[in-house]
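Quick notes on the structure that follows.
The values are calculated or read from the model by the stated rules, or taken from the named source; none is laboratory data. Only a predicted model underlies this, so the values are computations on that prediction, with no experimental measurement involved. Cβ sites come from the backbone with ideal geometry, for glycine too, and all protein chains shown count toward neighbours. Calculation scope for accessible area: heavy atoms of the full protein, side chains included, ligands and nucleic acids excluded. Shrake-Rupley method; radii C 1.70, N 1.55, O 1.52, S 1.80 Å.
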Amino acid sequence: MTSVDLGIPSIRTKPIAERRVTRQIMVGSVPVGGDAPVSVQSMTTTVTADVNATLQQIAELTASGCQIVRVAVPSNDDAEALPIIARKSQIPVIADIHFQPRYVFQAIEAGCAAVRVNPGNIKRFDDKVAEIAREAGQAGVPIRIGVNAGSLDERLMAKYGKATPEALVESALWECSLFEEHGFTDLKISVKHHDPVVMVQAYRLLAARCDYPLHLGVTEAGPAFQGTVKSAVAFGALLAEGIGDTIRVSLSAPPVEEVKVGIAILESLNLRKRGLEIVSCPSCGRAQVDVYTLAQRVQAGLDGLPVPLRVAVMGCVVNGPGEAREADLGVASGNGKGQIFVKGKVVKTVPESQIVETLIEEAMRLADEMGTDLDTEDGPGPQVVVS
């Protein structure tokens, strides 16, 4: 019988939707909007005035794939620390300003890549717009108008009764109009809410009324599991419509976890090159091996693999052979052994006790063949997909 090479389909599928056309701004070296890829941001949890701790956390975020970092500036000590942090950070630094407009000017002077202002809680902010526009324009520093449901301007709360999508959008566009009056349009906007439904509605309204780049976020999203679900649902809905130019996942968890979730969301929508992807079955009564343990051990063994590789770890004969055949590398397990597939072909059969070791060996061999100098800038780190 003649063997037929079925081949394997490419995992490089098209993005889920065409991106909304926006203006482009530069946050330091990172373009946001226009035809730039959707970037991933996070925010430090350290006291900004503790320069060493803040720079250490920025280094950790950078290593995890974060492209832009925001630091809180609630005090003068924090503002005075900005020049060192902005100079030594490996990625662009955004100063997050609330309440005190004078810190905006200190952040610009410090060399921050951008400044986030919350017009809802800066006293007499509108009166400062002309001066901020002049200073930011001369320095080439973009401004993010960051509207939050929890700190909406009292005038709009009185008008709408609560932080509705319309109220959030009106706040953002009003502030943008004030900057526009002074010829400053180097802006990006966020209209965050803790409720994903309200947040999605607000960004849809905003996208229909302006062409500024948009920073997506579900604010106060919650602990890791809840916040991940909320963010994935909201970001997925908007990005599937082409809305969104940079994202920050807000979790009650270490900021590196925010970056991992953000990257995984973009990879799942083909808005970022994929790195390591592990396809594993959820297990069921058909499984004849411990799929949970197998998948976890394979993921741990291949963590940080610097090439885009799809690895299938399957536990039964129903979907196992097909999934393993369509991956770069896979195993279809059963009866205490596993068939190892490489590029769609069975290359060996090994005892269950040798499955993990064999998969790791084959993955390393494939990585060597593919070369470790691939451009993985858009897709560092592994992703686990449960199918």
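Taking the residues in segment 320-342 that are out of contact with any helix residue (DSSP H, G or I) (no Cβ under 8 Å at 6 or more places or on another chain) and within 21 Å of residue 276 (Cα to Cα) as candidates, determine which candidate is surrounded by the fewest Cβ atoms within 10 Å (Cβ to Cβ). Break it down stepwise before answering.
Pass one, segment 320-342, residues out of contact with any helix residue (DSSP H, G or I) (no Cβ under 8 Å at 6 or more places or on another chain): 320-327, 335.
After this cut, where a residue has to be within 21 Å of residue 276 (Cα to Cα) as well, the list is 320-327.
Details: 320: 27, 321: 19, 322: 14, 323: 21, 324: 25, 325: 19, 326: 18, 327: 24.
My answer is 322.
Run down 114, 95, 72, 49 and say which single residue is closer than 22 Å to residue 249 by Cα and surrounded by fewer than 21 Cβ atoms within 10 Å (Cβ to Cβ). Please lay out each step first, then the result.
On the way: 114 fails: surrounded by fewer than 21 Cβ atoms within 10 Å (Cβ to Cβ); 95 fails: surrounded by fewer than 21 Cβ atoms within 10 Å (Cβ to Cβ); 49 fails: closer than 22 Å to residue 249 by Cα.
Sole residue among the options that is closer than 22 Å to residue 249 by Cα and surrounded by fewer than 21 Cβ atoms within 10 Å (Cβ to Cβ): 72.
Six or more apart or on different chains, Cβ under 9 Å: which pairs go from a residue in segment 30-46 that's touching a residue at least 60 places away in the same chain (Cβ under 8 Å) to one that's acidic (Asp, Glu) and in a strand (DSSP E or B)? Could you list them?
43/96
Which strands (runs of 3 or more DSSP E) sit wholly inside segment 63-157 and have at least 1 residues that are in contact with a His (Cβ under 9 Å, 6 or more places away or on another chain)?
On the way: elements: 68-72, 93-97, 114-117, 143-148.
Where strands (runs of 3 or more DSSP E) fall fully within segment 63-157 and carry at least 1 residues being in contact with a His (Cβ under 9 Å, 6 or more places away or on another chain), they are 68-72, 114-117, 143-148.
Please verify whether segment 207-230 includes one or more residues that are farther than 24 Å from residue 38 by Cα, outside any helix (DSSP H, G or I) and of a type in the set (Gly, Ala, Ser).
Checked segment 207-230: no residue is farther than 24 Å from residue 38 by Cα, outside any helix (DSSP H, G or I) and of a type in the set (Gly, Ala, Ser).
Six or more apart or on different chains, Cβ under 8 Å: which pairs go from a residue in segment 303-320 that's touching a residue at least 24 places away in the same chain (Cβ under 8 Å) to one that's among the acidic types (Asp, Glu) and open to solvent by less than 50 Å² (accessible area, probe 1.4 Å)? Could you list them?
308/277; 309/277; 309/328; 310/277; 310/328; 311/277; 311/328
Step by step: first the residues of segment 181-223, then only those that are of a type in the set (A, V, I, L, M) and within 19 Å of the chain's Cα centre (by Cα), then the one that is surrounded by the fewest Cβ atoms within 10 Å (Cβ to Cβ). Which residue is that?
It comes out as 200.
Name the residues in segment 143-180 that are under 15 Å from residue 194 (Cα atoms), surrounded by fewer than 20 Cβ atoms within 10 Å (Cβ to Cβ) and free of Cβ contacts under 8 Å to residues at least 24 places away in the same chain, would you?
162
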